[in-house]
Amino acid sequence: MTRDTSVQAPSAPGASAATLDWLSSPPPGQLIAGAEREGRAAELVTVLDPGTGNQLASVVAASVDDVNDAVHAARSAADDGRWSELDADRREALLHALAQLLERDADLVTELEALDTGKPRVQAAEDVQEAISVLRYFAGWANKHQGAVVPAPRQLHAYTTPEPLGVCAAITPWNYPLPILTYKLAPALATGNTVVAKPSELAPLSVLHLARLAVEAGIPDGVLNVVTGAGSTGAALAGHPLIDKIAFTGSTATGKRVMESATRNVTRVSLELGGKSAHVVFADADLDAAVDAVMAGIWTNAGQVCIAGSRLLVEKSIEEEFLTELTKRTGALTLGHSLADEADLGPLISAAQRDKVLHSVQTASDEGGNVIVGGQTCDRDGFFVEPVIVAGVPATARIAHEEVFGPLLTVTSFGDEQEAVAIANGTSYGLAAGLWTTDVGRAHHVSRRLRAGTVWVNTYGLFHPTLPFGGTGGSGFGRELGSSAIDQYTESKTTVMDISARSRSAKVEVSND
Ligand code: NAD
């Protein structure tokens with residue numbers, strides 16, 4: 001299989017000359033032991049601009065042999081100590097160098113990320129800045145994570161040291177390709193691990209550029225390897241016996257398969273999975289701010305966000321007032337191509353995802369919901385659906401439980417705190433929740449009772465490298481970001497030495513022989 005070279009000058013409306021240049025000769029798709037090369041699978045990975053449906057690039061997917069080569073390259077780099085035994089200061093410097101190069105190329109990477117995912121440029125720019133911040137935050141950890149002297153019995157001197165795990169597989173989704181990879185890559189590399197990354201087949205371009213930058217930064221060969229391909233490539237990686245940890249972000253269905261692979265080889269795994277997060281608005285909230293946050297919580301990235309606040313739970317007494325304002329502001333949003341300045345919302349990632357959202361709109365109506373705005377496709381190229389609000393959705397409806405991963409907001413009203421918590425906790429997921437109230441006591445009380453990895457109070461969707469992030473229940477387990485992430489990539493080793501008088505005299509006797 002060779003690449004489709006017929007697409008020499010991809011059509012990407014609004015793209016800069018630098019981006020068009022990059023797209024006319026994209027990386028071949030695999031980075032193994034420091035060298036870029038084409039994959040050897042029978043399939044091509046064809047990357048589309050979801051805003052037009054046009055092809056942006058294509059790469060030959062990694063075969064099982066390519067995955068094996070990448071894992072062996074990472075294994076050698078882990079075992080010979082070229083990275084783990086490097087001075088921690090040097091690892092820190094190299095991660096800072098990578099962040100610096102990403103900052104240098106921020107405009108290019110922003111356009112690639114926007115074109116590849118369909119999200120508006122301004123959102124893609126935030127993603128790139130987030131990735132830079134995450135790299136810098138974890139660079140700082142390289143020489144700060146330390147062990148402890150243990151207060152063991154007096155005849156012993158005992159201490160712990162944090163050890164890298166070895167080879168980490170990072171398997172990521174298409175919706176935030178760059179930030180989500182750095183959530184895994186940065187703590188893994190800072191603590192001395194090596195990595196094989198597999199970006200989503202739907203949006204791999206920014207990650208392929210990051211791989212180039214890692215080489216340019218001087219990160220030793222084999223420390224970061226990238227393989228590109230679809231589920232079979234991910235499965236070959238997750239099931240490889242020489243992997244020490246799988247860090248996975250994606251759907252709950254795929255997460256279960258990854259966990260099965262991990263079980264076969266007793267591989268550590270952390271899973272960041274789907275969600276159906278509730279955004280709970282009490283009558284005493286700052287309603288103007290709450291409307292804005294509910295909108296950002298569901299329309300950002302056209303609702304294709306794991307933490308999308310896709311279920312609005314609103315106190316009955318303010319339901320009408322709240323929905324009137326929400327509907328008015330939603331109706332004023334502009335759908336557009338990722339690089340069009342006026343775009344508030346982009347398309348869905350694929351035709352299949354667009355069709356799934358349209359089907360969900362129908363399901364919501366069939367289940368008694370009332371579509372109060374949006375829900376139609378648009379008369380234009382690309383995979384667009386108007387943002388849709390479905391009011392009056394019973395808490396028991398399927399649409400109130402299943403992740404849609406699109407611009408669809410369900411609305412359910414509640415009478416009191418007790419009912420709000422029961423509805424919010426009524427799905428199998430537990431990723432995030434939003435809570436709007438000016439009553440501080442209620443904020444703490446309700447937050448404590450919500451089953452979610454993160455509860456945002458009087459804000460929504462706020463991420464920072466210091467804030468641990470992850471889910472519970474069907475949303476997975478393990479925490480990324482913050483100091484918790486460091487613990488996910490290290491294992492404590494205990495060293496115990498007998499320093500009693502008996503052992504000292506035994507040594508003297510031996511040395512006198
Ligand atoms: P997906 O599960 O289809 O794919 C995720 C990754 O897994 C891709 O790289 C894919 O190629 C790979 N993959 C597919 N089959 C595999 C297998 N059998 N073994 C190993 N890897 C395999 O998810 P997606 O459509 O790319 O992303 C959307 C999903 O991701 C949503 O459910 C969303 O909620 C979730 N998500 C979660 C978080 C979080 O932090 N919790 C963040 C972003 C997205």
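Laboratory data are not the source of any read-out in this text; all were calculated from the coordinates shown. In this text, all values refer to a predicted model and were calculated from it rather than measured experimentally. So basically every Cβ, Gly included, is an ideal-geometry build from the backbone, and we count neighbours across all protein chains shown.
Please state the charge dipole magnitude for the chain, taken about the Cα centre, from unit charges on C-beta atoms (+1 on K and R, -1 on D and E), reported in debye and rounded to the nearest 20. Before the final figure, lay out the partial values.
Details: 39 positive and 61 negative charges, 334 e Å.
The calculation lands at about 1600 debye.
Hey, rough spin-label estimate for A93 and Q55, points 7 angstrom out along Cα→Cβ, what's it come to in nanometres?
4.5 nm
Fully extended, how many nm does the chain gain between S16 and R37 (0.36 nm per residue separation, minus their Cα-Cα distance)?
4.9 nm
Provide the three semi-axes, in whole Å and in decreasing order, of the ellipsoid equivalent to the range 361-415 as defined by the square roots of 5 times the Cα gyration tensor eigenvalues.
Value: 22, 11, 9 Å, ordered largest first.
Cut-off 19 Å, label point 7 angstrom out along Cα-to-Cβ of S500: give me the residues of the range 133-150 whose amide nitrogen falls inside.
Counting only backbone N, you get 150.
Say R0 is 56 Å: what FRET efficiency, to the nearest 0.05, do A283 and N143 get from their beta-carbon distance?
On the way: r = 51 Å, r/R0 = 0.90.
Working from the Cβ atoms, E equals 0.65.
Which value, in debye to the nearest 20, describes the size of the charge dipole of the range 418-510 about its Cα centre when Lys and Arg Cβ atoms bear +1, Asp and Glu Cβ atoms bear -1, and nothing else is charged? The partial results should precede the final answer.
On the way: 9 positive and 7 negative charges, 47 e Å.
Magnitude of the dipole: close to 220 debye.
How many percent of the alpha carbon pairs in the range 430-485 exceed a separation of 14 Å?
In whole percent, the share of Cα-Cα pairs in the range 430-485 beyond 14 Å is 56.
Taking the Cα centre of the range 281-380 as origin and charging only Cβ (+1 Lys, Arg; -1 Asp, Glu), how large is the dipole, in debye to the nearest 20?
480 debye
Please check the chain for the longest run free of trypsin sites (Lys or Arg not before Pro) that are loop-located per DSSP (anything but H, G, I, E, B) and have at most 11 other Cβ atoms within 10 Å.
So the longest stretch without any such site is 155-513.
Quick one: length gained pulling Q418 to H445 fully straight, 0.36 nm per residue minus the C-alpha distance?
Residue separation times 0.36 nm, minus the Cα-Cα distance, leaves 8.6 nm.
With unit charges on the beta carbon (Lys/Arg positive, Asp/Glu negative), name the residue among H96, L185, T494 whose Cα is farthest towards the positive pole of the charge dipole of the chain.
In the chain, that residue is T494.
What are the extents of the Cα atoms of the range 253-336 along their three principal axes, in Å, largest first?
Ordered largest first, the range 253-336 gives principal extents of 55, 33, 16 Å.
So for M295, M497, fewest C-beta neighbours within 10 Å to most, what's the order?
In increasing order of surrounding Cβ atoms, one gets M497, M295.
Give the value in nm², to one decimal: projected area of the alpha carbon convex hull of the range 57-181, averaged over all directions.
With every direction weighted equally, the projected area is 10.8 nm².
How are the C-alpha pair distances of the chain spread across 20 Å bins, as whole percents from the shortest bin up?
For the chain, the pair-distance distribution reads 23, 51, 22, 4, 0.
If neighbour count is taken as other Cβ atoms inside 10 Å, put V496, V109, V393 in order from fewest to most. Walk me through the numbers on the way to the answer.
On the way: V496 11, V109 28, V393 23.
Fewest-to-most ranking of V496, V109, V393: V496, V393, V109.
With label points built 7 Å along Cα→Cβ from the Cα atoms of L462 and S25, find their separation and express it in nm.
Inter-label distance under the simple model: 4.6 nm.
Which of the listed residues, I372, L358, Y460, is farthest toward the dipole's positive end in the chain, when Lys, Arg count +1 and Asp, Glu count -1 at the beta-carbon?
The residue sitting most towards the positive pole is Y460.
A106 to A230: extension gain in nm, 0.36 nm per residue of separation minus the Cα-Cα distance?
This chain segment gains 42.0 nm when fully extended.
Under a crude label model (7 Å from the Cα following the beta-carbon direction), how far is D366 from K328 in nanometres?
3.6 nm
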